[in-house]
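Here the structure comes first, spelled out in structure tokens, and everything after it is commentary.
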Amino acid sequence: MMKHFKRNWVAKILSLLMAIVMWFFIMRDQNPVMDVSYTVPVQIQNLASNYIVEDAPEVVRVTLSGPRDTIISMREDHLKAYIDASGVGVGQNNVTIQFTPPAGMTVTNLRPENITLQVDEYAEKTLPVEIVPVGKWPDDIALKSVTIIPKEVTVSGRKQQVMAAARVIMKVNTEGRTENFSTVEDLETWDANGNILNVHTTPAIGQAQYELNFLRKEKALPVTVATVGDVPEGYEIKSITVTPTQLTISGRAEVVDSVIDIRTEDIDVSNATTTITGAYNIVFPDGITSRTTTVQVKIEIARKAE
């Protein structure tokens, strides 16, 4: 058998090599090498806790080359690029975006690859939330109370911007408001001159709860005829009528709420033996007004029946 092998060894080796080459071409056709591009998020690693970077690219474009079956089985959400910020300092830093391809893949293109990173010191401070009303209350409305949630927020970001922060503002539209209301608004951080700063505010929104007072209120009340004195002996007041029987008064809400009736000026019935008629003024409490200021009164007086 060995003699037989030795007699044909050249041909057999050539056959084996041919088989390997054919297998390679067949497998290449069945699992070809492909180039595929992905948008990959960029992470910043090893950044000192007292530094902040806000202008780094969020994503890069990566082109990978590899066998089709490797590409198909690869999970795109596992791809991550990163910047090693362990050696950066305050100011501009030239850094390289790095990417480690999955096993069996190679990187053929990465854009951008080299960038200039602006690094600043990180700072934060606490400021109270203020409300800036936009618009005017109606003339008959007054602000009773306002509750701000939260009362304070944390301002953070680049040190220069944070140190310039003087006010945290919530703008609230008060134009034409007549009822209690609640509103949620974005918060703005201003410097002393009212310029909006590029900082982070935590939380970024606030809530304002308003309680309003009506400065004027209307209410309809009955009219009471006020009489003084006594009719002569043997006479009596048989009836009292007033026109109109009620009036609509207006004034500050707390004053209007305290009034339970409206009275005429005193009408003296002393020594009266006949019906009294006439127009009489209304006596209004302080702070109360009405479109009607006089009423017609009829006091019927007659002899007592014997």
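Quick notes
- Above-threshold pairs, the threshold being 19 Å between Cα atoms, out of LYS151/LYS171; LYS136/LYS171; LYS217/LYS298; LYS238/LYS298: LYS217/LYS298
- In angstrom, the C-alpha Rg and Dmax of the chain are 45.7, 168.
- Helix 9-30 and the longest principal axis of the Cα set of the chain meet at an angle near 10°.
- Tail fraction, Cα-Cα pairs, region 182-306, threshold 24 Å, whole percent: 55 percent
- Relative contact order for region 53-205: 20 percent, from Cα pairs under 8 Å spaced at least 6 residues apart, divided by residue count.
- Charge dipole of the chain about the Cα centre (unit charges at C-beta), most positive-ward option of GLN45, TYR235, PRO285: GLN45
- Percentage relative contact order, region 193-306, counting C-alpha pairs under 8 Å, at least six apart: 31 percent
- The mean sequence distance of close C-alpha pairs (under 8 Å, at least 6 residues apart), as a share of the length of the chain, puts its relative contact order at 12 percent.
- Close amide H partners of LEU117, meaning residues 5 or more places away or on another chain with modelled amide H under 5 Å apart, are ASN93, ASN94, VAL95.
- Farthest toward the positive end of the dipole of region 113-221, out of LEU212, THR189, THR201, is the Cα of LEU212, where the dipole comes from beta carbon charges about the Cα centre.
Coordinate-derived values only; no laboratory data. This structure is a prediction, so every number in the text was calculated from the model and none was measured. Positions of Cβ are backbone-derived with ideal geometry, glycine not excepted, and every protein chain shown enters the neighbour counts.
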